[in-house]
1. Find the residue count for segment 202-216, including only residues that are in contact with a helix residue (DSSP H, G or I) (Cβ under 8 Å, 6 or more places away or on another chain), crowded, with 18+ Cβ neighbours inside 10 Å and free of Cβ contacts under 8 Å to residues at least 40 places away in the same chain.
2. Identify, from the list 153, 148, 114, 176, the residue that is more than 30 Å from residue 199 (Cβ to Cβ) and in contact with a helix residue (DSSP H, G or I) (Cβ under 9 Å, 6 or more places away or on another chain).
3. Considering only segment 229-245, state which residues are out of contact with any helix residue (DSSP H, G or I) (no Cβ under 6 Å at 6 or more places or on another chain) and more than 19 Å from residue 168 (Cβ to Cβ).
4. Going by the conditions given, is residue 82 under 13 Å from residue 10 (Cβ atoms), at pLDDT 95 or above and surrounded by fewer than 16 Cβ atoms within 10 Å (Cβ to Cβ)?
5. How do the helices (runs of 4 or more DSSP H) wholly within segment 150-237 filter down when requiring 3 or more residues that are under 22 Å from residue 109 (Cα atoms): which remain?
6. Can you pull out every residue in segment 1-15 that is within 18 Å of residue 62 (Cα to Cα) and without any contact (Cβ under 8 Å) to a residue 40 or more places away in the chain?
7. Between a residue in segment 217-229 that is farther than 16 Å from residue 239 by Cα and any residue that is part of a helix (DSSP H, G or I), which pairs come within a Cβ distance under 7 Å, given they are 6 or more apart or on different chains?
8. Please work out which residue is surrounded by the fewest Cβ atoms within 10 Å (Cβ to Cβ), limiting yourself to segment 1-43 and to residues that are under 17 Å from residue 69 (Cβ atoms) and out of contact with any helix residue (DSSP H, G or I) (no Cβ under 8 Å at 6 or more places or on another chain).
């Protein structure tokens, strides 16, 4: 018996990388998990893979930077599955460059997806969860929220996620809805595999545990926060970074 049996979960940006790892863990714990991503074909492939392993999953194409598409996503889940218990705000992008070289477009793209998209999804989830006075909202921030070279847009968006999470936690606590944020450190994902080998080695050398994180390292913490075992944990920002101190 999984600790999330009977729960309905939405994971954004779940068609690959960290999001896929999170979705798989929630499925293993018994949740019916909706794979929400911008690419329909990729969503369908993940669902097919999960179902072949005996998990319960569904797919919905959505660009979370578009309010209407977010509303459609939540409307679909509510209509087909009857409820929404867990939201994991994972979808995110980066457009790295130094502050003086950053274009308006690079700035706005990252803010639109990472922060505004997280706001849209959190807001929609809260509407449904308040009705039944139950919910778990977990948002992916980053160790970069405290600032990182070449990531003014990304750091600002992830710092915003922390502020949004703490505010939502205060506003929704009386309705039995918890809101927490995860700050992954250097995790082996599609996004980080694009860095040069020299940079990769430098990053790993800074980690006390001596290795990059795995999606499962983050997914395990999220599974706990999504469960009833974490019913009294809200407003927290949890660093999952192999010993790196924020």
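1. Counting residues in segment 202-216 that are in contact with a helix residue (DSSP H, G or I) (Cβ under 8 Å, 6 or more places away or on another chain), crowded, with 18+ Cβ neighbours inside 10 Å and free of Cβ contacts under 8 Å to residues at least 40 places away in the same chain gives 1.
2. 176
3. 229, 239, 242, 243, 244, 245
4. Considered against the rule, which asks whether it is under 13 Å from residue 10 (Cβ atoms), at pLDDT 95 or above and surrounded by fewer than 16 Cβ atoms within 10 Å (Cβ to Cβ), residue 82 comes out as no.
5. 152-172
6. 15
7. Within 7 Å, the pairs are 226/26.
8. Only one residue fits best here, namely 41.
The values are calculated or read from the model by the stated rules, or taken from the named source; none is laboratory data. Remember, predicted model here, so these are calculated numbers, not experimental data. Every residue, glycine among them, receives a Cβ derived from its backbone with ideal geometry; neighbour counts consider all protein chains shown.
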